[in-house]
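Some notes on the structure that comes next.
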Amino acid sequence: MRGAALRGAVPRAAAAVLAGFLAGAPPASADYESARKAFEREDFRAGISALRAAAHDGDARAQNDLGTLFEDGRLVARDFGRAVFWYRKSAEQGYAEGQLNLGRMYRGGLGVGRDEPRAAHWYRAAAGQGAAAAQFFLGVMYESGRGVERDPVKSWMWFHLAADQGDEDARFRRDRLAATFGEEERARAEGALRGYREATDGLGSEPSASAGSPAAASPAAPRRAVVRGDPLVFRIQGALIDLGYDPGERDGDPGPRARDAVRQFETDHRFRPRGRLDERTLRRLRDALESGKPAASVVREIQTHLRRLGYSPGAIDGRPGPRTARAVEAFQRARGLSVDGRLSLDLLRLLRGAKG
């Protein structure tokens, strides 16, 4: 963290976010820039509001920073589940800090079931972009054989890459490991490092993930659509789409489809169905997104498709219970997918196209 640039009165959570602002990232969105200025003047309420707006508009850095706030719990109520939600959004866009943080949450079992192979996947993605901390943790995992097959040569290589960036712990572990190598193992390690650098110009990662692993596809670029109508309506439409509803085209223009989608959302979440496109609705939509829980209508459609395909999700009731989770796992296993039992829009898209 760049502590010299931060005032001592700033709480640790705000300091972590400010450090991200000061890290020389690409040009900021307007909301992200507003958040930076608000945090600098210690107007945390305005900063958090602007940060949420940037995160919901697809800014990967804002998503990572919002995850940091939820993990820390000093400026907002601590919520590891929401931290994971935002780290995942950031990581899936290819942002190295988000990938590192998501890997750390999987490794520690914070806000998500402990899953060391998945942690290794996200560490590897961040390490491939030159994140020294991720390279160090990959070295630790290859040295111990936890989450990956034990491989002292790969462990040495990742420690070496982190040590080259000034990580003293990595340098100590690299040298300690090297002292156990014989001539053949030392030659293999040096050859692996040389081949890695030649193949990746010093930054790339190991071979790409298989199709069944998380985020195997190329990360999408942050969403940057043009707002043609009311910016508030535009954000409401985007949140509805992210939750699996159909408000029509995301154009910022209020219309009957958008209002019907809001009413469906309100009914699913046991609010009085008003159908209004206002700030109150946007807050509720954002809270629903950050909870990571799929809408009842999405769960019902997932359950319907699972039953159509011969699985047993239990009652078609829109509730993500254990029988539905087991049916999802069975579907994922049968299709060669990563098995996690999670109900999501990505899963729904797969089910819609699946044939029995």
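The values are calculated or read from the model by the stated rules, or taken from the named source; none is laboratory data. These figures come from a predicted structure and were not determined experimentally. Positions of Cβ are backbone-derived with ideal geometry, glycine not excepted, and every protein chain shown enters the neighbour counts.
Below are the figures for this structure:
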{"item": "Selection status of GLU301, among the acidic types (Asp, Glu) and closer than 30 Å to GLU116 by Cβ", "result": "no"}
{"item": "Pair list, Cβ < 7 Å and 6+ apart or interchain, from the stretch 248-271 residues that are surrounded by 17 or more Cβ atoms within 10 Å (Cβ to Cβ) to residues that are assigned to a loop (DSSP other than H, G, I, E, B) and of a type in the set (Val, Ile, Thr)", "result": "GLY252/VAL227"}
{"item": "Condition met for GLY130 (on the phi > 0 side of the Ramachandran plot and either in contact with a helix residue (DSSP H, G or I) (Cβ under 9 Å, 6 or more places away or on another chain) or part of a helix (DSSP H, G or I) (or both))", "result": "yes"}
{"item": "Set ALA132, ALA54, ALA77: member being surrounded by 23 or more Cβ atoms within 10 Å (Cβ to Cβ) and either farther than 30 Å from GLY252 by Cβ or in contact (Cβ under 8 Å) with a residue 24 or more places away in the chain (or both)", "result": "ALA54"}
{"item": "Residue in the stretch 11-33 that is at pLDDT 90 or above and in contact with an Asp or Glu (Cβ under 6 Å, 6 or more places away or on another chain) present", "result": "no"}
{"item": "Test result for ALA187, within 34 Å of the chain's Cα centre (by Cα) and on the phi < 0 side of the Ramachandran plot", "result": "no"}
{"item": "Which numbered condition PHE331 misses (of (1) assigned to a helix (DSSP H, G or I); (2) over 24 Å from the mean Cα position of the chain (by Cα))", "result": "(2)"}
{"item": "Set TYR123, TYR106: member being crowded, with 23+ Cβ neighbours inside 10 Å, on the phi < 0 side of the Ramachandran plot and not assigned by TED's automatic domain parsing to the domain that holds LEU51", "result": "TYR123"}
{"item": "Criterion: under 19 Å from the mean Cα position of the chain (by Cα), modelled with pLDDT of 90 or more and of a type in the set (Lys, Arg) - qualifying residue of ARG41, ARG61", "result": "ARG61"}
{"item": "Residue match in the stretch 347-355 (condition: surrounded by 15 or more Cβ atoms within 10 Å (Cβ to Cβ), at pLDDT below 85 and out of contact with any strand residue (DSSP E or B) (no Cβ under 8 Å at 6 or more places or on another chain))", "result": "no"}
{"item": "Residue within the stretch 83-93 that is among the basic types (Lys, Arg), part of a loop (DSSP other than H, G, I, E, B) and closer than 27 Å to ASP59 by Cβ present", "result": "no"}
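Here's the yes/no breakdown for (1) surrounded by 18 or more Cβ atoms within 10 Å (Cβ to Cβ); (2) among the basic types (Lys, Arg); (3) assigned to a loop (DSSP other than H, G, I, E, B):
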| residue | (1), (2), (3) |
| --- | --- |
| LEU277 | yes, no, yes |
| ARG286 | yes, yes, no |
| LYS293 | no, yes, yes |
| VAL299 | yes, no, no |
| ILE302 | yes, no, no |
| GLY310 | no, no, yes |
| ILE316 | no, no, yes |
| PRO320 | yes, no, yes |
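So that you can scan it fast, the table gives a plain yes or no per residue for (1) more than 16 Å from the chain's Cα centre (by Cα); (2) in a loop (DSSP other than H, G, I, E, B); (3) over 22 Å from ASP72 (Cα atoms):
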| position | (1), (2), (3) |
| --- | --- |
| GLY98 | no, no, no |
| GLY103 | no, no, no |
| LEU110 | no, yes, no |
| ALA120 | no, no, yes |
| GLN135 | yes, no, yes |
| VAL140 | yes, no, yes |
| ARG150 | yes, yes, yes |
| LEU161 | yes, no, yes |
| ARG173 | yes, no, yes |
